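Remarks on the structure that follows.
The values are calculated or read from the model by the stated rules, or taken from the named source; none is laboratory data. No experiment lies behind these values; they were computed from the predicted model shown. For neighbour counting, all protein chains shown are included, and Cβ atoms are generated from backbone atoms with ideal geometry for every residue, glycine included. Heavy atoms of the whole protein, side chains included, go into the accessibility calculation; ligands, DNA and RNA do not. Shrake-Rupley method; radii C 1.70, N 1.55, O 1.52, S 1.80 Å.
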Amino acid sequence: IITDENGKASCELEYGKYYLKELDTGSVYYLLNEETFEFEIVNNGEIVPIIIENEPTDITVDVDKEGTTEAKPGEKVNYVFSNVANNSNVYLENFKWYDYIPTDYIRLENMTTGTWNQDLVYNVYYKTNKSEGYILFKEKISTQENQQLDFTTLKLAKDEYITETMFDFGKVEKGFRENTSPTMQCQSLDTLEDGQTFTNHTKTVGIYHDTTAEAKSKWTTIVHTPKKPTEPKLPKTGR
């Protein structure tokens, strides 16, 4: 049975017991109703109305981050990521997680990949101030292993530094998210001044057919330079 443009269809049936089950919604943006509808034709000319409702797709991603609140010049700056997730009720293609380093203030050193609740392999990329696109850092990482990524091992030019990172998970099913939170460690520059602030931005992106979902988060750190104690002036004595 195929419904018309108004979602209606009818057919003639002989006496007996039947069941009706939806095979195709006709649109990728509505979920299949997997319920089985049982009914019976008892009387001649009897009309048995059946309404099948379809839930619309909800295409949503998420990401959160927290980090060092206050840092001194030359001090480590740490970040923890959470809710890196496909909160949709459908799968997503090209699910990617990006992070953008505030390179006027800090330099990326290390990351931990965390672990994830679906068994996949994924790739990690980075971009520098001298690269036109993303460069592969490590491929075919298991989502079941929490790996350490040491970006200080890269042979970069003297004036080259990492500006972005990107985790490419490919296709993820609904409910995909971290089990163990990934982390990031950076080194703040010695040239920072007291009272300056810098913000690290992160985002997730996923695609379902012609629809793209995106979520963003950020964390701001303030620079604090302790004042050096001054020696008290002692009164002069003698002549």
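General remarks:
- The set of residues in the range 129-138 that are in a strand (DSSP E or B) and over 22 Å from V80 (Cα atoms) comprises I135, L136.
- Within the range 1-16, residues that are free of Cβ contacts under 8 Å to residues at least 40 places away in the same chain and of a type in the set (A, V, I, L, M, F, W, C) reach partners that are assigned to a loop (DSSP other than H, G, I, E, B) and open to solvent by less than 100 Å² (accessible area, probe 1.4 Å) with beta carbons closer than 7 Å, at six or more positions or on different chains, in the pairs I1/A9; I1/C11; I2/A9; A9/T3.
- Here is the figure for the range 29-62: residues that are more than 30 Å from Y208 (Cβ to Cβ), of a type outside the set (A, V, I, L, M) and open to solvent by 50 Å² or more (accessible area, probe 1.4 Å) total 7.
- Number of the condition not met by V77 [criteria: (1) under 13 Å from the mean Cα position of the chain (by Cα); (2) farther than 15 Å from E173 by Cα]: (1)
- Residues within the range 29-62 that are under 28 Å from the mean Cα position of the chain (by Cα) and either of a type in the set (S, T, Y) or within 19 Å of F198 (Cα to Cα) (or both), tallied: 4
- Residue ranges of strands (runs of 3 or more DSSP E) in the range 149-212 with at least 2 members β-branched (V, I, T) and under 20 Å from P102 (Cα atoms): 162-172, 197-208
- The set of residues in the range 142-172 that are open to solvent by 50 Å² or more (accessible area, probe 1.4 Å) and not hydrophobic (A, V, I, L, M, F, W, C) comprises Q144, E145, N146, Q148, D150, T152, T153, K155, K158, D159, Y161, K171.
- Among the residues of the range 32-45, at least one is of a type in the set (S, T, Y) and not in a loop (DSSP other than H, G, I, E, B).
- Looking only at the range 197-230, and only at residues there that are in contact (Cβ under 8 Å) with a residue 12 or more places away in the chain, more than 28 Å from the chain's Cα centre (by Cα) and open to solvent by 60 Å² or more (accessible area, probe 1.4 Å), the one that is farthest from Y161 (Cα to Cα): P226
- For the range 92-139, filtering for residues that are closer than 21 Å to T197 by Cβ and within 14 Å of the chain's Cα centre (by Cα) leaves 2.
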